[in-house]
Structure formats: C-alpha cells, structure tokens
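Structure, as structure tokens:
The values are calculated or read from the model by the stated rules, or taken from the named source; none is laboratory data. Computed from a predicted model, the values in this text were never measured in an experiment. We place every Cβ from the backbone using ideal geometry, glycine too, and count neighbours over all the protein chains shown. Remember, those area values only see protein heavy atoms, side chains included, never the ligands or the DNA or RNA. Shrake-Rupley method; radii C 1.70, N 1.55, O 1.52, S 1.80 Å.
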Amino acid sequence: MNDPSFADAHRRLMEEIEAEARETAHWTGRVRYAERVMMAMASVPRHEFVADWQWPVAYANCPLAIGHGQTISQPYIVALMTDLLDLDAGSRVLEIGTGCGYQAAVLASVAGRVYSVEVIPELADTARRRLAHLGYDNVQVRVGDGYTGWSEQAPFDGIIVTAAPPEIPGALADQLVIGGRLVIPVGTSGQTQFLYRCVREPDGTLTNEQKLPVAFVPMVPGLRPS
Ligand code: SAH
C-alpha cells in the first residue's frame, strides 16, 4: 500500500513530526507521541487521500485542499490530536469531519472501531469508498450533523473534531464514557482558535485543558431535518 516512490518524502515527514512534537511540548505537554500513533502515521499513504496533481507535496507537513473549500489537516496536527486521544487497540472512537478520510485511516490503524460523520455528502461518499478500497474495514462513515454526534453508536472512548465550533457541543460530551477524551479545536474562524483536550468526569462534566493555537475550517451548522 506504501508506494516506494514516496518512501523518502514519507520518512522526512516522520522526522518533521518528531521535531515539531519536541518544539511544541511546552504547549502540548507531550515531547513525543506514542509508538502506535507514529506507526500509524508512517503506514497511512497520504498521497492516496489527495488528487494526483498534489502528489509532489502529498508528504509535506502542511494542510492541502481537498475540494468543497475543505482541507486535509497538517500531518503534525493529525499525529498530535491522535496522541491526545490516548487510544488503544480496543478503543471505539468518533470523528466529526471525515473530509478526505485521512485522519479516519490514522485512527483506524490505532483504535478498534472508528465512526466518522461528515456534513458534505460528496466528501463522505468519496472517503467511504477510498477507505474501503485501502482496506480500512473498521471505519464507518455517515452523512450527518456532527453537532449531534452518533448516539446509536455511543458511548465512545474518544471523540475527535476536525472542524472548529464556536464552543464545545454538549451532545458530544454526553457520548463519551467516563474518563473518555474529547480533542477539539474551539473558536470562531478569523479569530484565534485553541485546541482542547477534555476528559469526561464521573459527574458528567468535562475538565478542559487548553493546548495550542490552531487554524481549522469552521464547523458549520449541520443538516436540519426538513
Ligand atoms: N479529518 C479530515 C479533515 C477535514 S476538514 C481529514 O483528515 O481530511 C473538516 C471537515 O469537517 C470538512 O470535511 C467539513 O465538511 C466537515 N464539517 C464541518 N462542519 C461539520 C458538521 N457540522 N458536521 C460534520 N462535519 C462537518
């Protein structure tokens, strides 16, 4: 699945992620990321998630356009957010914002089951087909409004949100197990957004740790039933 012609660029990217993890440790509290996270980052073929004209930069440590005004996140941010979820091979994880499916593939390599919700039907369809084609058979993608989560599949050990809402959606907190982690960028676009790692406490409340400033596409108000 990993094309040898991308091997050098992919190896350089892994070194850049390791360096950026060290440089941002004062924000994130993590000098390096778990081995299973780094192995997932090293195994997922990022070029398969972008158009072929973007292949020369598929392993650059930066976001890329994926159409519909959306982006595939910077690989360092994908690694950081995955690490902050503290997943293991048995974890059930919910992703809001499937986009091209790259983050979902990384999660699928680290966790047991991945549920991903995307508001744009064309992106959800393409991601679903791509993930199946690449053999990520523990991921389910559905079209829907991420603000409501995926109650039928709850509770989750981790929830990751890859678009920024103005504040933490309450429904997502309710779909976490006690001790479950929510990793989410919060803020209005055009203003500073921060990445948060939240943990669900036994009384149902969340404790929030602010991590680092980030720039995500806005989480749009979702589909409303007509
Ligand atoms: N995780 C993606 C990044 C996608 S960018 C990847 O690896 O490629 C953020 C995505 O969130 C976009 O695809 C956007 O359409 C989606 N999104 C925005 N608001 C949403 C909402 N309310 N519910 C579900 N998805 C949403």
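Numbers at a glance
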| item | result |
| --- | --- |
| Cα centre as origin, Lys/Arg/Asp/Glu Cβ charges: the range 4-214 dipole, Debye | 220 debye |
| DSSP-loop GluC sites (Glu not before Pro) across the range 141-216, with at most 14 other Cβ within 10 angstrom | GLU167 |
| With every protein chain in place, the chain: carbon and sulfur % of accessible area (1.4 Å) | 53 percent |
| Percentage relative contact order, the range 4-214, counting C-alpha pairs under 8 Å, at least six apart | 15 percent |
| Centre separation in Å (Cα based) which lies between the range 1-47 and the range 163-226 | 24 Å |
| Per residue solvent-accessible surface (Å²) - the range 1-137, probe of 1.4 Å | 44 Å² |
| Binned Cα-Cα distance frequencies in the range 4-214 - 10 Å width, integer % | 9, 36, 40, 14, 1, 0 |
| MRE, 222 nm, helices only [DSSP H, n ≥ 4, -39500 (n - 2.57), over the chain, to nearest 500] | -8500 deg cm²/dmol |
| Accessible area (Å², 1.4 Å probe, nearest 10) - TYR33 | 20 Å² |
| Cβ-derived FRET efficiency at R0 35 Å, THR205 paired with GLU15, nearest 0.05 | 0.30 |
| Net charge of Cβ neighbours under 12 Å - reference GLY158; Lys, Arg +1; Asp, Glu -1 | 0 |
